Amino acid sequence: MAGKPVLYYYNARGKMECIRWLLAAAGVEFEEKFMETSEDLEKLIKDGRLMFQQLPMVEIDGMTLVQSRAILNYIATKYDLYGKDAKERALIDMYTEGIIDLTDMMLRVVTCFPDQREAKISLAKDKAKSRYLPAYEQVLKSHRQDYLVGNRLTRVDIHLLEVLLYVEELDSSLLAPFPLLKALKSRISSLPNVKKFLQPGSQRKPPYDEKIIEKAKKIFKFQPS
Amino acid sequence: MCETTVAAMAGKPVLYYWDARGRMECIRWLLAAAGVEFEEKFIETPADMEKLIKDGRLMFQQVPMVEIDGMTLVQTRAILNYIATKYNLYGKDAKERALIDMYTEGILDLSEMMLQVVISLPEQREAKISLVKEKTKNRYLPAYEKVLKSHGQDYLVGNRLTKVDIHLLELLLYVEELDSSLLAPFPLLKALKSRISSLPNVKKFLQPGSQRKPPPDMKRIEEARKAFKF
């Protein structure tokens, strides 16, 4: 028990999934406590464990951390997935932020009012195709290396694989014009820890269905944005 | 772009954005607090923006963009993190950085809410202002007051100045602009605001004539909205 990070969220991808991916890629075992009801969330708030009354929250190394970037940055540093110096970190951060922006767009497809869903899907597809996928294909083309930064695995390769799988779920034809991204997707998927995480039975969460969304709305007393 | 090259070769960072606070202001604050001189190239017309995009200098076709140390960086957090690391304003180890990141993210969330007030359509503005005031009063200010109370130190993390003290001061000034009564119940925040404002580089930045940008002018925002279509 001692030493395992504990993840507090609901049993879905949401804003915790990128953290699950990074821990898994680093070969770190973790526990999860799922919010089943709004009372579960209220208890965490009442106990003062959520600095901004929000999830994700992760207990790790004696800290109670909220804010997904803070959590990701800590994990990446600890497991040496954050590049070798400040300049590599700058590139990693820049690339990561673009991925987070695209991931957020996809999350809004799920959390928006139903009558907005079509428009949000179109937006996500359009941005993936015209802004984000070309940007990352160009990075790989510029250095022809197997990884995005520094010629070795860093966190951003994991973040990118994750979002490429979501792009594929959204519309499998979107990846077709991007051979280097497809090759990276294949390569990173084959890394032992990642391969394991991709198999059934891992802590990876499935795509959303209406049931999960309804449950999340109750727990978070949802106001779609 | 001759001027840019000269400035860049002189070692000065060059900031590309509109002549407004927006998402660049926190970067201006951090550079100023670190005592770093910087140049600015303002986007004035859609053609300026299109040129930057066409020249392939904006990875995601967005600003802020900063040229620094031979890199062309976009994304506010990437830029802030690099500056903070370079000028030793990012704590002494990973655990301090985790706290700094956590606290910074809360500040960025509230700043984003405030930015939404500025760029939202006029008919949505009342509701957005109410939301910002409510979150400021009930979520964010109490959280940072509590941090200061927990250790009784002069700075948020590690008993010395880090990036998050600068981010917080900037935010507190915007809170005060929004509604000066919001800070009243938070003595430790008021004291920090005073202390950080007195640091030499910060004091200089707070004076007229610095590169600090004024509150948004709603007329200019509406003009920009038409031109840049947001």
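Computed from the coordinates by the stated procedures, all read-outs in this text should not be read as laboratory data. The model shown is predicted, which means the values in this text are computed figures rather than measured ones. Because the Cβ atoms are built from the backbone with ideal geometry, glycine has one as well, and the counts that use them run over all protein chains shown.
Some points to look at:
- Theoretical FRET efficiency, 1/(1+(r/R0)^6), r = Cβ-Cβ of B:Lys12 and A:Lys33, R0 51 Å, to 0.05: 0.55
- Adding -39500 (n - 2.57) for every DSSP H run of four residues or longer, then dividing by how many residues chain A holds, sets the calculated 222 nm ellipticity at -17000 deg cm²/dmol.
- Residues B:Met49, B:Met65 in ascending order of nearby Cβ atoms (within 10 Å, fewest first): B:Met49, B:Met65.
- Distance between the pseudo-spin-label points of B:His151 and A:Ser186 (7 Å out from Cα toward the beta carbon): 5.0 nm.
- Spin-label pair A:Asp47-A:Arg117: with each label point 7 Å from Cα along the Cα-Cβ axis, the two points sit 3.5 nm from one another.
- Prolate/oblate/rounded call for chain A, Cα gyration tensor, a/c under 1.5 rounded: oblate
- Relative to the Cα centre, the charge distribution of the stretch A:5-78, modelled as +1 at Lys and Arg Cβ and -1 at Asp and Glu Cβ, gives a dipole magnitude of about 320 debye.
- For the segment A:54-67, counting C-beta atoms of other chains within 10 Å of every residue's C-beta and taking the mean gives 2.
- Each Lys and Arg contributes +1 and each Asp and Glu -1, all at the Cβ; summed about the Cα centre of the stretch A:68-225, the dipole is approximately 340 debye.
- Choice from B:Lys133, B:Lys86, B:Lys219 showing the highest fluctuation, given a GNM over chain B with Cα pairs closer than 10 Å: B:Lys219
- Of all lysines in the structure, the ones whose alpha carbon falls short of 21 Å from that of A:Lys141, not counting any fewer than 8 places away in one chain, are A:Lys87, A:Lys127, A:Lys129, A:Lys182, A:Lys185, B:Lys54.
- Selected from A:Glu162, A:Glu118, A:Glu88 as most flexible by GNM, with chain A as the system and alpha-carbon contacts under 10 Å: A:Glu118
- For A:Thr111, A:Thr154, order by how many other beta-carbon atoms lie within 10 Å, fewest first: A:Thr111, A:Thr154
- Dipole of the stretch B:40-82 [Lys/Arg +1, Asp/Glu -1 at C-beta], most positive-end residue of B:Gly70, B:Met59, B:Ile43: B:Met59
- Overall form of the protein assembly as shown per C-alpha gyration tensor (a/c, 1.5; a/b vs b/c): rounded
- Dipole axis of the stretch A:98-205 (+1 Lys, Arg; -1 Asp, Glu on Cβ), positive-most option in A:Leu191, A:Leu148, A:Leu175: A:Leu191
- Rounded if a/c under 1.5, otherwise prolate or oblate - the stretch B:10-49, Cα gyration tensor axes: oblate
- Ignoring lysines fewer than eight residues from B:Lys219 along the same chain, the ones with Cα atoms less than 17 angstrom from its Cα are B:Lys229.
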